[in-house]
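Student: Encoded as structure tokens, here's the structure I'll be asking about.
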Amino acid sequence: MKIRVLVSLKPGVLDPQGRAVHHALEGLGFESVEDVRIGRTVELDVADGTSDEALDEMCRKLLANTVIENYRIEKVG
Amino acid sequence: MSFRAAVITFPGSNCDRDMAVAIEQVSGSAPLRVWHGDAELPDRIDFIALPGGFSYGDYLRSGAMAANSPIMRSVKAAADRGVPVLGVCNGFQVLTEAGLLPGALMRNASQHFICRTVPLKVENAQSLFTSDYDVGETIHIPVAHHDGNYFADDEALDRIEGEGRVAFRYAENCNGSRRDIAGVLNAAGNVLGMMPHPERAIEPAHGGTDGRKLFEAAIKALA
């Protein structure tokens with residue numbers, strides 16, 4: 001079973017990397033960009049039947065730092 | 001009685017030797033060197049230091065992998081028993097990731113790696129690590145980090161400040177840390193995490209000796 005975990009910074013947490021990329025996009029002439037936030041994708045290949053609870057625990061214990069990050073778990077097949 | 005300290009080395013730690021030398025110079029006893037893969041700390045440890053560096057190449061997040069190293073279970077148990085634990089730089093990141101300290105260390109607001117000596121204001125001079133300083137005193141300690149931007153939400157910050165758990169603040173905020181926080185204590189006061197490197201300010205040849213008092217205070221607290 002393939003799982004995709006999307007980790008993103010919580011709203012309100014400053015994202016210096018996103019800000020720099022935003023600035024670079026403006027420099028390239030893309031003036032319509034209003035905000036950039038950078039996150040991380042983790043792709044997991046797990047045994048069929050791995051529980052939602054186990055996946056959630058993986059995110060809370062390691063894949064995301066819930067002090068600063070939100071996560072979303074997607075089953076991709 | 002000799003001071004029995006342990007310096008933990010993770011794969012990618014690079015300030016472990018500096019930390020060990022500093023502790024030996026100040027205490028007169030060479031600390032035990034402990035590998036991250038060890039399941040247990042040696043017996044009767046008086047002080048635990050988590051050094052700076054780039055444990056596990058900063059994979060995932062700075063300190064995230066090291067926080068789940070086998071030795072950390074034993075470090076957490078020792079911290080719960082009241083053993084002093086000092087985390088410097090990457091060691092601070094490991095302590096936050098391990099849940100021993102609140103907050104998180106993010107990429108510097110400037111996006112740049114900063115390597116220079118910075119002025120710090122001593123906020124709490126009552127902890128076992130800071131009792132040789134004076135409240136409000138300015139000390140100079142080197143920083144060398146890319147991810148030193150301290151973040152915690154307002155509620156957590158209010159609580160930390162209300163409980164007097166900010167040990168040091170940057171006199172000039174060099175990395176974007178919220179409320180200029182450079183070093184934080186746990187609720188019991190026996191765990192300190194800080195981005196600046198006190199072990200790099202021990203003898204005059206280092207360019208300053210302001211870090212020495214931190215180790216002296218910890219040794220005195222034990223005696």
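Student: Just one of B:Asp147, B:Asp134 is buried (at least 21 other Cβ atoms within 10 Å of the Cβ) and either assigned to a loop (DSSP other than H, G, I, E, B) or away from every other protein chain (no Cβ under 14 Å) (or both); which is it?
Tutor: Answer to the selection: B:Asp147.
Student: Could we say that B:Ala39 is within 14 Å of chain A (Cβ to nearest Cβ), surrounded by fewer than 24 Cβ atoms within 10 Å (Cβ to Cβ) and in contact (Cβ under 8 Å) with a residue 12 or more places away in the chain here?
Tutor: no
Student: Quick one: which of A:Gly49, A:Gly12, A:Gly39 is within 25 Å of A:Ile73 (Cβ to Cβ), out of contact with any Cys (no Cβ under 7 Å at 6 or more places or on another chain) and surrounded by 14 or more Cβ atoms within 10 Å (Cβ to Cβ)?
Tutor: Just one listed residue meets the conditions, A:Gly39.
Student: Just to be sure I understand, how many residues within the stretch A:57-77 are within 12 Å of the chain's Cα centre (by Cα), assigned to a loop (DSSP other than H, G, I, E, B) and farther than 17 Å from A:Ile38 by Cβ?
Tutor: Total meeting the criteria: 1.
Student: Considering only the stretch B:157-167, I want to know if a residue exists there that is within 12 Å of chain A (Cβ to nearest Cβ) and buried (at least 23 other Cβ atoms within 10 Å of the Cβ).
Tutor: no
Student: Looking at (1) free of Cβ contacts under 8 Å to residues at least 60 places away in the same chain; (2) closer than 24 Å to B:Ala79 by Cα; (3) surrounded by fewer than 24 Cβ atoms within 10 Å (Cβ to Cβ), can you tell me which one B:Ala171 breaks?
Tutor: (2)
Student: Residues to consider are A:Leu62, A:Leu44, A:Leu55; find the one that is surrounded by 15 or more Cβ atoms within 10 Å (Cβ to Cβ), farther than 30 Å from B:Arg178 by Cα and within 14 Å of chain B (Cβ to nearest Cβ).
Tutor: Unique residue meeting the criteria: A:Leu44.
Student: Restricting the search to the stretch B:77-118, which residues are touching a residue at least 40 places away in the same chain (Cβ under 8 Å), within 14 Å of another protein chain (Cβ to nearest Cβ) and among the small types (Gly, Ala, Ser)?
Tutor: Answer for the stretch B:77-118, where residues must be touching a residue at least 40 places away in the same chain (Cβ under 8 Å), within 14 Å of another protein chain (Cβ to nearest Cβ) and among the small types (Gly, Ala, Ser): B:Gly103, B:Ala104, B:Ala109, B:Ser110.
Student: Check off (1) within 14 Å of another protein chain (Cβ to nearest Cβ); (2) out of contact with any strand residue (DSSP E or B) (no Cβ under 8 Å at 6 or more places or on another chain); (3) within 29 Å of B:His36 (Cβ to Cβ) for B:Ala187 and give me the number that stays unchecked.
Tutor: (1)
Student: Could you look through the stretch B:59-71, keep only residues that are within 14 Å of chain A (Cβ to nearest Cβ) and surrounded by fewer than 21 Cβ atoms within 10 Å (Cβ to Cβ), and pick out the one that is nearest to B:Val94 (Cα to Cα)?
Tutor: Restricting to residues being within 14 Å of chain A (Cβ to nearest Cβ) and surrounded by fewer than 21 Cβ atoms within 10 Å (Cβ to Cβ), the top hit is B:Asn68.
Student: Within the stretch B:128-147, identify whether any single residue is touching a Lys or Arg at 6+ places or on another chain (Cβ under 6 Å) and closer than 25 Å to A:Gly12 by Cβ, and answer yes or no.
Tutor: So far as the stretch B:128-147 goes, yes, one or more of its residues are touching a Lys or Arg at 6+ places or on another chain (Cβ under 6 Å) and closer than 25 Å to A:Gly12 by Cβ.
Student: Hey, can you tell me all the residues within the stretch B:87-115 that are touching a helix residue (DSSP H, G or I) at 6+ places or on another chain (Cβ under 7 Å), under 21 Å from B:Gly162 (Cα atoms) and not aliphatic (A, V, I, L, M)?
Tutor: Answer for the stretch B:87-115, where residues must be touching a helix residue (DSSP H, G or I) at 6+ places or on another chain (Cβ under 7 Å), under 21 Å from B:Gly162 (Cα atoms) and not aliphatic (A, V, I, L, M): B:Pro102, B:Gly103.
Student: Here is a follow-up. Which pairs turn up if I take residues in the stretch B:203-221 that are within 21 Å of B:Gly82 (Cα to Cα) and look for partners that are at pLDDT below 95 and surrounded by 19 or more Cβ atoms within 10 Å (Cβ to Cβ) with beta carbon separation below 8 Å, at least 6 apart in sequence or on another chain?
Tutor: Note: pairs meeting the criteria are B:Ile219/B:Phe3.
Student: For the stretch B:8-36, give me each residue that is touching a residue at least 40 places away in the same chain (Cβ under 8 Å) and polar (S, T, N, Q).
Tutor: B:Thr9, B:Ser13, B:Asn14, B:Gln25, B:Ser27
Student: Tell me, please, whether a residue that is modelled with pLDDT of 95 or more, under 14 Å from the mean Cα position of the chain (by Cα) and in a loop (DSSP other than H, G, I, E, B) can be found in the stretch B:166-183.
Tutor: No, the conditions are met nowhere in the stretch B:166-183.
The values are calculated or read from the model by the stated rules, or taken from the named source; none is laboratory data. A quick note: this is a predicted structure, and the numbers were derived from the prediction, not measured. With ideal geometry, Cβ positions are generated from the backbone for all residues, glycine too; neighbour counts draw on all protein chains shown.
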